[in-house]
Amino acid sequence: MFEVENLRSGYGEIGVLKELSFAVQDEIFAVLGSNGAGKTTLLKTLARLLPVQSGRLKLDGKDVTDAPAHTMPGAGVAYVPQEGNVFPDLSVMENLSIGGRTGHRPKAEKLEEVFTLFPRLKERTSQAAGSLSGGEGQMLAVGRALMQDPKVLLLDEPSAGLSPIFVDTLFSSIAETRKERGVTIVLAEQNAVKTLEIADRVMVLSLGEMHLLRNRSELTMKDITAAYHI
Ligand code: ATP
């Protein structure tokens, strides 16, 4: 799926990510790190919203280092930014319908899957997205991305600002999306405890460098805390 080789990226002249190399396939791949570690920068680079400064990026063996962002949904990559991924003035149903234009499966089938995953959205189909609670809005953002029928879902801190109960619901849905639909998930998070419950592998970034990359089964919270403070 995604292969990242000696990746450097950032903003204009500013370098943020420093020589990252890893591959992601058929898993929940968590990217942990404190504020400013480079998690968002990495996800934006994978979604091709930021240029690669050096190194290479491959998707299913194909070089996408210079691929324009608008080609990524068609290539099976859906990106959910930390916020702002819904149209506030449109209804829940309209938001999902717009998301459903890509992919090959019938829209109704995908809608049913999203409603099974997030029953709360089904109760609010005609409600304006802007009037949803923070957690419901985040569910809608993920639901919209799933309507693209992605192979890879890039999720940027979906738990930010949510109450613990919503975080539980959302993370269960993320785990279910991986298990039931086989979607590969790259999950950038600050909530290490919740992330460890669902991740298959964990990478810790600090100041744009990788300080740890390990299978969940071989990891403890102590390892993660230590990697944060290197
Ligand atoms: P957070 O958890 O706070 O969202 P993060 O791990 O997602 O943090 P990034 O948003 O990727 O971190 O930021 C990495 C670094 O890039 C930070 O030092 C940040 O100040 C810098 N940065 C982010 N956006 C820009 C920008 N548009 N122009 C210049 N520098 C930026």
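The values are calculated or read from the model by the stated rules, or taken from the named source; none is laboratory data. Being a predicted model, the structure only gives us computed values, none of them experimental. Note: ideal-geometry Cβ built from the backbone for every residue, glycine included; neighbour counts use all protein chains shown. Note: accessible area is taken over every heavy atom of the protein model, side chains too, but ligands, DNA and RNA are not part of it. Shrake-Rupley method; radii C 1.70, N 1.55, O 1.52, S 1.80 Å.
Table: residues versus (1) closer than 19 Å to Leu132 by Cβ; (2) open to solvent by 30 Å² or more (accessible area, probe 1.4 Å); (3) of a type in the set (A, V, I, L, M).
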| site | (1), (2), (3) |
| --- | --- |
| Leu59 | no, no, yes |
| Asp63 | no, yes, no |
| Pro81 | yes, no, no |
| Asn85 | yes, yes, no |
| Ser91 | yes, no, no |
| Glu94 | yes, yes, no |
| Lys110 | no, no, no |
| Thr116 | yes, yes, no |
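Where residues in region 126-157 are in contact with a strand residue (DSSP E or B) (Cβ under 7 Å, 6 or more places away or on another chain) and in a loop (DSSP other than H, G, I, E, B), which of them is surrounded by the most Cβ atoms within 10 Å (Cβ to Cβ)?
Only one residue tops the list, namely Pro150.
Do any residues in region 176-197 that are open to solvent by 20 Å² or more (accessible area, probe 1.4 Å) have Cβ atoms under 7 Å from those of residues that are assigned to a strand (DSSP E or B), where the two are at least six apart or on different chains, and which pairs are they?
Arg178/Ile28; Arg178/Ile185
Which one of Lys62, Lys58, Lys39, Lys44 is over 18 Å from Arg201 (Cα atoms) and in contact with a Leu (Cβ under 8 Å, 6 or more places away or on another chain)?
Lys44
Tell me, which strands (runs of 3 or more DSSP E) lie completely within region 158-225 with 1 or more residues that are within 13 Å of the chain's Cα centre (by Cα)?
Working: elements: 184-189, 201-206, 209-215.
Counting at least 1 such residues, we get 184-189.
Please find, within region 65-77, the residue that is nearest to the ligand (Cβ to nearest atom) out of those that are surrounded by 13 or more Cβ atoms within 10 Å (Cβ to Cβ) and closer than 24 Å to Glu19 by Cα.
For region 65-77, the residue satisfying everything is Ala69.
Within region 215-223, is there a residue that is on the phi > 0 side of the Ramachandran plot and open to solvent by 60 Å² or more (accessible area, probe 1.4 Å)?
Scanning region 215-223, I find no residue that is on the phi > 0 side of the Ramachandran plot and open to solvent by 60 Å² or more (accessible area, probe 1.4 Å), so the answer is no.
Take Thr45 and tell me if it is within 16 Å of the ligand (Cβ to nearest atom) and among the polar types (S, T, N, Q). So that I can check it myself, show each step before the final result.
Working: within 16 Å of the ligand (Cβ to nearest atom): yes; among the polar types (S, T, N, Q): yes.
The answer is yes for Thr45.
Please specify each residue of region 25-43 satisfying the condition of being within 18 Å of Met1 (Cα to Cα) and buried (at least 19 other Cβ atoms within 10 Å of the Cβ). Spell out how you get there, then give the answer.
To start, the set of residues in region 25-43 that are within 18 Å of Met1 (Cα to Cα) comprises 25-31, 42-43.
Ile28, Phe29, Ala30, Val31, Leu42, Leu43 - these are the residues of region 25-43 that are within 18 Å of Met1 (Cα to Cα) and buried (at least 19 other Cβ atoms within 10 Å of the Cβ).
Looking at Val186 and the list (1) touching a Ser or Thr at 6+ places or on another chain (Cβ under 7 Å); (2) within 16 Å of the ligand (Cβ to nearest atom); (3) closer than 25 Å to Met72 by Cα; (4) β-branched (Val, Ile, Thr), which single condition is not satisfied?
Going through the list (1) touching a Ser or Thr at 6+ places or on another chain (Cβ under 7 Å); (2) within 16 Å of the ligand (Cβ to nearest atom); (3) closer than 25 Å to Met72 by Cα; (4) β-branched (Val, Ile, Thr), Val186 breaks only (1).
So, in region 30-42, of the ones that are over 21 Å from Ala75 (Cα atoms) and among the hydrophobic types (A, V, I, L, M, F, W, C), which residue ends up farthest from the ligand (Cβ to nearest atom)? Lay out the reasoning, then the answer.
Taking region 30-42 and keeping what is over 21 Å from Ala75 (Cα atoms), we get 30-39.
Within this subset, residues satisfying the condition of being among the hydrophobic types (A, V, I, L, M, F, W, C) are 30-32, 37.
On the way: Ala30: 13, Val31: 8, Leu32: 9, Ala37: 4 Å.
Of everything passing the filter in region 30-42, Ala30 is farthest from the ligand (Cβ to nearest atom).
Among the residues of region 13-29, which ones are within 23 Å of Glu83 (Cβ to Cβ) and within 13 Å of the ligand (Cβ to nearest atom)? So that I can check it myself, show each step before the final result.
Just the residues of region 13-29 that are within 23 Å of Glu83 (Cβ to Cβ), to begin with: 14, 16-17, 28-29.
Within region 13-29, Ile14, Val16, Leu17 qualify.
Got a sec? Which of Lys58, Lys107, Lys39 is touching a residue at least 12 places away in the same chain (Cβ under 8 Å) and either within 30 Å of Val193 (Cβ to Cβ) or of a type in the set (Val, Ile, Thr) (or both)?
Working: Lys58 fails: either within 30 Å of Val193 (Cβ to Cβ) or of a type in the set (Val, Ile, Thr) (or both); Lys107 fails: either within 30 Å of Val193 (Cβ to Cβ) or of a type in the set (Val, Ile, Thr) (or both).
Being touching a residue at least 12 places away in the same chain (Cβ under 8 Å) and either within 30 Å of Val193 (Cβ to Cβ) or of a type in the set (Val, Ile, Thr) (or both) holds for just one of Lys58, Lys107, Lys39, which is Lys39.
Can you tell me which residues in region 182-206 are under 24 Å from Val4 (Cα atoms) and of a type in the set (D, E, K, R)?
Glu189, Asp200, Arg201
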